[in-house]
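The structure under discussion appears below in the form of structure tokens.
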Amino acid sequence: MGHVRNYTIADVIARYKMMQGFNVLHPIGYDAFGQPAENAAIKNKTDPAQWTYRCITQMHDELKKMGFSYDWGRELSTCDAEYYKWNQWIFIKMFERGLAYKRASSVNWCPDCETTLANEEVINGLCWRCKTAVVQKELEQWYLKITQYAPSLLEDLKKLEQWPSRVRTMQENWIGKSYGLEIHFKIKDMAETISVFTTRPDTIFGATYVVLAPEHPLVIKLAAGTPQEKDTLGFIERTANKSKSLRMSGDQRKEGVFIGRHAVNPVNNESIPVYIGDYVLMEYGTGAIMAVPTHDQRDFEFAKHHKLPMRIVIKDPKDPLVSVDGMDQAYEGEGVLVNSGDFDKIPNEEAKSKIAEWMQLKGFGRVSIHWRLRDWLISRQRYWGTPIPMVYCEACGVVPVPYHQLPVELPKDVEITGEGGSPLGRVRSFVECACPKCGKPARRETDTMATFFDSSWYFLRFCSAHNTQEIFDKADAKYWMPVDQYIGGIEHAILHLLYARFFTKFLKDLGLVTIDEPFVRLLTQGMVLKDNEVMSKSRGNTVDPDEVLSQYGADALRLFILFAAPPEDQLEWNSDGLEGAWRFLNRVYQMVEKRYCVIARSEATKQSFKQDDPDATLERERNNAIKRVTQSFEEGYKFNTAISDMMVLANAIDKYKIDPGESAKQRLLNQAIETLVLLLAPFVPHVAEEMWQMMGKVEPTISRVAWPGFDENALKMSIITIAVQVNGRVRAQIQVTPDMPQEELRKICLADPNVAKYVQESAIKKFIVVPNKLVSIVA
Ligand SMILES: [Zn+2]
Ligand SMILES: [Zn+2]
């Protein structure tokens, strides 16, 4: 139902734009590789390909039943070699530019899925898919250098004005640009300098020691010849056996040793001891930190344990008299600076940039930029994905598969157990190959790509979906791109939506597209709930679209979904609502059947109405419905209000009575019914089409009939009653047309005998109008 909702929203927009005369590309495809299919295949003891293609056939049929206006000629599936060939092509292009690379490091590993995960796929320490706790593993893996695009990914968020601000903020935080300071600490009695990176230059006067990662390249040199040399070497060896995740975990006691040297804090020339500690990793910053125990909890614990000095440099406004002795934990909040030389009394947030600039000027440090975004780990130890097109040769090293040999096809009939590493590794006919460079025996890469790779560029493939020569035709892409309207859940905010932006920028650099951003406007649709919980198979609260289709038909389902809530909001499933949508459609159908009546064209009638007669009222309601439904589309897709406006028009039609043979009136009635059917067409295409034919229309399909326009004058053809006050007391009720200009209103008021009785024109001091409600005269 979640999918049905997403696709229904998209379809209504596509059909509306088609009726407005736009050339609309409304495509569909299947993001078909990945673990769910592989796991289902293992569970059902079938081949993932068979399983997937069966699901696709079923899905295809269901989509057709829903009446979605897809261009079926562009239907594609990411597990087709015709498609994933181009994944491999992009990968090699990235490899050639140094954007795809392999490196050994500590990676996120889901023990349940038996595969690695990207940082974006770890949510609160758990696997995004199966919610198992993620562990760290030392592995050699393929990465994409998304970090190279961090500046433009951040900067171009400004261009995405038509994205929900929530999504932009999430991406901004994830990319995480921060300004920091690299501070140079000279080593006492040596020529060496240690650079530390800090985002807290405001605490520099409180730095009372320095800690290096045990792997830091300077450590052995610094400790050499000191009485602490032996302890230092022993500690390095012990730490080497500890996993990085253990070293980083919060509850682990911070271990470390003094290495026999002192550094000089440049801001106050204080000698402070140099330690190595297991909680500092070489991968972060410069592999060295300045420790400010009073304002950093990890430093505080380390300092307490090693009995190191502390100094408060930010005053806690809630506890201004506290001393170092009275502290039982670090104060990490905000406050004004103390013990900080010329910077005392400055709020610490303000002091950050002030001290950083001052230190840079003095040559004590260098302002630097730090990013939270990490490179994207994309190799997966699973079968059902795109083979990474790389070959390992003893003589030549890592060699990409030549373009003309693509695709590297995923072999069929592979035994998949879900255990024991990459299934492709056990397929000799796949692994063994000739080196593309030297021709000697070589081995293929057996990992496959994360499926987010597949979905990072698929929208471009829709522009020329079955092009066998190129990834897509440049001219086609130029014509269609960027995507005008994108619809997807908020869960994609920092995954798919970030990756797709990255790929677009890369393909622009390759000269394949001219756009900076793939999606102009983004709508994040709300979830579908039942009994206040998200519909899901595991909760057992799903509604099967097929059952609804056979009972009520696609149109009633579509109408219910669109009427029940605005697209961005959560939608609570409600069978009464579905029933109501079905009844409304029946009512309109009967209207067409019983009241619409084809009349001869020659009987022209004049279209002039008295303001308050039923003809004028019907015309007003008809034009009003067009105006309001059109506005609902243009002002944020408020389909629920659009549908209630159509219901208002249906009521007006029901109220409009005519006698047989009144052809002028019949013409008006016909026009109102036609309008209602046209407005309904994007929402309920099947029954709208049928009603259009019933009305004897000659156009081959209603979906190509022009969207109706409205007449502002017709909207004014109504009479409203407003009260007239004189000096605060109501003296009359007058009948006027809406939004009447003030001078006209004034004349009508003064012409009213009851008003004239209380006020003369010459005595009016103030004439106040509350539009369409009230006139207040002060005399
Ligand atoms: Zn998992
Ligand atoms: Zn070779």
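We did not get these values from a lab; they are worked out from the coordinates using the rules stated. Please read these numbers as outputs of a predicted model, since none were measured by experiment. Because the Cβ atoms are built from the backbone with ideal geometry, glycine has one as well, and the counts that use them run over all protein chains shown.
Annotations for the structure displayed:
- Filtering the range 467-482 to residues that are of a type outside the set (Asp, Glu), without any contact (Cβ under 8 Å) to a residue 40 or more places away in the chain and surrounded by fewer than 21 Cβ atoms within 10 Å (Cβ to Cβ) leaves ASN467, GLN469, LYS474, ALA475, LYS478, TYR479, PRO482.
- Every pair of residues 6+ apart whose Cβ atoms lie under 8 Å, when the first sits in the range 421-441 and is touching a residue at least 12 places away in the same chain (Cβ under 8 Å) and within 15 Å of ligand 2 (Cβ to nearest atom) while the second is among the polar types (S, T, N, Q) and part of a loop (DSSP other than H, G, I, E, B): none
- Condition check for GLU114: farther than 30 Å from ILE9 by Cβ and of a type in the set (D, E, K, R): yes
- Residues in the range 320-346 that are surrounded by 13 or more Cβ atoms within 10 Å (Cβ to Cβ), of a type in the set (Val, Ile, Thr) and not in a loop (DSSP other than H, G, I, E, B): VAL336 alone.
- Looking across LYS102, LYS137, one residue alone is farther than 17 Å from TRP371 by Cα, within 16 Å of ligand 1 (Cβ to nearest atom) and in contact (Cβ under 8 Å) with a residue 24 or more places away in the chain. It is LYS137.
- Scanning the range 389-420 for residues that are among the hydrophobic types (A, V, I, L, M, F, W, C) and either closer than 27 Å to GLU114 by Cβ or more than 16 Å from ligand 2 (Cβ to nearest atom) (or both) gives MET390, VAL391, VAL398, VAL401, LEU406, VAL408, LEU410, VAL414, ILE416.
- Residue check for ALA118: under 22 Å from PRO518 (Cβ atoms), surrounded by 17 or more Cβ atoms within 10 Å (Cβ to Cβ) and within 16 Å of ligand 1 (Cβ to nearest atom): yes
- Restricting attention to the range 531-562, the residues being among the basic types (Lys, Arg) and surrounded by fewer than 19 Cβ atoms within 10 Å (Cβ to Cβ) number 2.
- Strands (runs of 3 or more DSSP E) lying entirely in the range 383-466 (those with 2 or more residues that are within 33 Å of the chain's Cα centre (by Cα), more than 16 Å from ligand 1 (Cβ to nearest atom) and buried (at least 19 other Cβ atoms within 10 Å of the Cβ)): none
- Among the residues making up the range 32-80, those that are touching a Pro at 6+ places or on another chain (Cβ under 6 Å) and assigned to a helix (DSSP H, G or I) are ALA37, GLU38, ALA41, ARG74.
- Residue within the range 446-464 that is of a type outside the set (Phe, Trp, Tyr) and more than 30 Å from TRP72 (Cβ to Cβ) present: yes
- For GLU491: the one exception among (1) closer than 19 Å to PHE453 by Cβ; (2) touching a residue at least 24 places away in the same chain (Cβ under 8 Å): (2)
- Condition check for VAL274: aliphatic (A, V, I, L, M) and assigned to a loop (DSSP other than H, G, I, E, B): no
- Whichever residue in the range 347-382 is hydroxyl-bearing (Ser, Thr, Tyr) and away from ligand 1 (no atom under 16 Å from the Cβ) and, among such residues, is surrounded by the most Cβ atoms within 10 Å (Cβ to Cβ): SER368
- Flag for GLU38 being more than 26 Å from ARG704 (Cβ to Cβ), surrounded by 14 or more Cβ atoms within 10 Å (Cβ to Cβ) and either acidic (Asp, Glu) or touching a Gly at 6+ places or on another chain (Cβ under 6 Å) (or both): yes
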